[in-house]
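Colleague: Can you read through this structure? Questions will come right after.
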Amino acid sequence: MKKIWYILPVILILAVLVLILLFSRSSDKFGKNHPIPEGLQFSLPLDSLSTQAVDTLDSNSWLVIWNDIQGGIYKYDFYFSPLPAGEIFLKCFEATENIPLSVKEIEERSKVAIDSTESFSQLVNKQQFSIYEGDWEDYYAARIEVWFRDAATKQEKKLLEKVYRVEGWTR
């Protein structure tokens, strides 16, 4: 019976340490450390119920970011003029300090293979990607860039960029 009195405090101390570790890791305060500067122009991700139409004359509407099921998880649509066969993918950066965001995950998850196109068309439809820096409702500005990798030459070029207010996915 005396052994229980020795083990019980150890178990309680371990439980407290585990809780402290979990809470300290779950909140990285990325957005709080990178506030959106006053006057910075940015777009908001659309709600999945939105029916926004694309204006082909306005290049600002060619990239559309949608909120997905939780904060930090997004989908994107992309419209563009003729391109050879290749891949479309995203790169994301915190907008004020140019910090790369979720580099490998975003490029890999956002990648879409396309056939060559002959006219302005939708090249990407609701492709999902996640931003891990930050927490839910911890908003900051991110520059989202759309890139193209030519299937034949493997050369990459940036097609478009747009700044959005984003939040991280709380793991």
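What follows draws every value from the coordinates through simple rules; no lab data is involved. All figures in this text were calculated on a predicted structure; none of them were measured in a lab. Neighbour counts run over all protein chains shown; Cβ positions are idealised from the backbone, glycine included.
Colleague: Residues of region 85-112 being touching an Asp or Glu at 6+ places or on another chain (Cβ under 6 Å) and in contact (Cβ under 8 Å) with a residue 40 or more places away in the chain, which ones? Break it down into steps so the answer makes sense when it comes.
Modeller: Let us first name the residues in region 85-112 that are touching an Asp or Glu at 6+ places or on another chain (Cβ under 6 Å), namely 85-86, 89, 91, 101, 111.
Within region 85-112, A85, G86, F89, K91, L101 qualify.
Colleague: Looking at this structure, is A53 surrounded by fewer than 16 Cβ atoms within 10 Å (Cβ to Cβ), within 25 Å of F148 (Cβ to Cβ) and out of contact with any strand residue (DSSP E or B) (no Cβ under 9 Å at 6 or more places or on another chain)?
Modeller: Against the criterion (surrounded by fewer than 16 Cβ atoms within 10 Å (Cβ to Cβ), within 25 Å of F148 (Cβ to Cβ) and out of contact with any strand residue (DSSP E or B) (no Cβ under 9 Å at 6 or more places or on another chain)), A53 qualifies.
Colleague: Just to be sure I understand the filter: pairs with C-beta atoms under 6 Å, separated by 6 or more residues or on different chains, first member in region 43-56 and in contact (Cβ under 8 Å) with a residue 12 or more places away in the chain, second member of a type in the set (V, I, T). Which pairs pass?
Modeller: P45/I65
Colleague: When you look at K75, is it within 14 Å of I144 (Cα to Cα), of a type in the set (K, R) and out of contact with any helix residue (DSSP H, G or I) (no Cβ under 6 Å at 6 or more places or on another chain), yes or no? Break it down stepwise before answering.
Modeller: Details: within 14 Å of I144 (Cα to Cα): yes; of a type in the set (K, R): yes; out of contact with any helix residue (DSSP H, G or I) (no Cβ under 6 Å at 6 or more places or on another chain): yes.
For K75, the condition - within 14 Å of I144 (Cα to Cα), of a type in the set (K, R) and out of contact with any helix residue (DSSP H, G or I) (no Cβ under 6 Å at 6 or more places or on another chain) - is met.
Colleague: Pick from T153, T170: which is among the hydroxyl-bearing types (S, T, Y), surrounded by 14 or more Cβ atoms within 10 Å (Cβ to Cβ) and not in a strand (DSSP E or B)?
Modeller: Details: T153 fails: surrounded by 14 or more Cβ atoms within 10 Å (Cβ to Cβ).
Selected residue: T170, the only one of T153, T170 that is among the hydroxyl-bearing types (S, T, Y), surrounded by 14 or more Cβ atoms within 10 Å (Cβ to Cβ) and not in a strand (DSSP E or B).
Colleague: Which of the residues spanning region 123-150 are out of contact with any helix residue (DSSP H, G or I) (no Cβ under 9 Å at 6 or more places or on another chain), in a strand (DSSP E or B) and not aliphatic (A, V, I, L, M)?
Modeller: Hits for region 123-150 are N125, K126, R143, E145, F148, R149, D150.
Colleague: Another question, then. Evaluate region 149-164: report whether one residue or more is in contact with a strand residue (DSSP E or B) (Cβ under 7 Å, 6 or more places away or on another chain) and under 14 Å from K75 (Cα atoms).
Modeller: yes
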